[in-house]
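Inspection log for the structure reproduced underneath, given as structure tokens.
The values are calculated or read from the model by the stated rules, or taken from the named source; none is laboratory data. None of these values were measured; they are calculated from a predicted model. Glycine gets a Cβ as well: all are built from the backbone with ideal geometry, and neighbour counts include every protein chain shown. The protein model used for the area step is the full one, side chains on, heavy atoms only, and it has no ligands, DNA or RNA in it. Shrake-Rupley method; radii C 1.70, N 1.55, O 1.52, S 1.80 Å.
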Amino acid sequence: MDDFTNFAELAQGSQHPPVLVIIEQHVLARTCILNILKRELIGFEIVEMATTSGLNWISGRDIRLIALNIGDKQITDPSIEECLAVLAESCPKASVAVLSNRDDDATASAAMQRGVRGFFPTSIPVEVAIAGLRLVLAGGVYRPLPIVGQNGAPSLKVISEYPEAPALSGIHEGNGVTKIVPERAMVDLTPREQHVLEALQLGLPNKLIAVRLNLSENTVKMHIQRIMRKCSAHNRTEAVVRWSRRANGHALPSRVRSS
């Protein structure tokens, strides 16, 4: 089978579709996540369970991703480290994504250091989370860039992670909340660039994008470079996430420092 086949096409052509696993102890939250993923990630079998012990009955299946909700716990919590160890031993080929109520950079960094491929704070929009999951499934790594406030300072200056990123302003709204407001929108994409971006959102490689859009691979690479430049992104993964945030009306994540 062609290595560049779309995930959904792989699923349709196989008797047993690839599996996504949700590990969440609360029934209501687990059901909500399950329904969203079934709607957004067609072609996968979505399996839900309360703990890692449920992995035994799906051993031998093609598990592509395991999403573990750690709630308020730290990554360094012994119970979470034990869960991650079990996942690594039981499903060594599966990517692991962590859903956390914490959105600090230290927690995200600690997760990445432990082999987690996706870190998803519950504070991000669901559209961004879905885009991030697609990137992880495509072999990428997702984590939001940190937004750091300094002691509730009334005046903040935003320093972008990327030199060419759009200028942003920080507005202190009290109660430790800082609203990030874009001063200049990203440059709009051409219709062809939008088609390429849609293919990138599906996690397709350059070769398959070229076939899909009837373009040469060099032309595809050129479009991707332009998309990255317009999104002020370092790679295709960042470009998809940053454009998704822009399309959904959310400010691009950037570092915030006191002026």
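Some points to look at:
- Counted residues, the stretch 1-31 - those being open to solvent by 70 Å² or more (accessible area, probe 1.4 Å) and either under 20 Å from ALA129 (Cα atoms) or at pLDDT 75 or above (or both): 5
- Hey, ARG102 charged (D, E, K, R), surrounded by 15 or more Cβ atoms within 10 Å (Cβ to Cβ) and within 16 Å of VAL141 (Cα to Cα) or not: no
- Any hit, the stretch 138-146, residues being open to solvent by less than 20 Å² (accessible area, probe 1.4 Å), at pLDDT 50 or above and either within 20 Å of GLU40 (Cβ to Cβ) or β-branched (Val, Ile, Thr) (or both): yes
- Applying the condition of being at pLDDT 90 or above and of a type in the set (Lys, Arg) to the stretch 40-81 and asking which residue is least open to solvent (accessible area, probe 1.4 Å) yields ARG64.
- Every residue from the stretch 76-120 that is part of a strand (DSSP E or B), farther than 18 Å from ARG30 by Cβ and touching a Ser or Thr at 6+ places or on another chain (Cβ under 9 Å): PHE119
- Qualifying residue in the stretch 211-229 (condition: open to solvent by less than 20 Å² (accessible area, probe 1.4 Å) and at pLDDT below 85): no
- Condition check for ASN35: modelled with pLDDT of 90 or more and in a helix (DSSP H, G or I): yes
- Candidate set from the stretch 88-99 (those that are under 21 Å from LEU135 (Cβ atoms) and modelled with pLDDT under 90); member that is least open to solvent (accessible area, probe 1.4 Å): CYS91
- Of all the criteria given as (1) at pLDDT 55 or above; (2) in a strand (DSSP E or B), the one not satisfied by ARG245 is (2).
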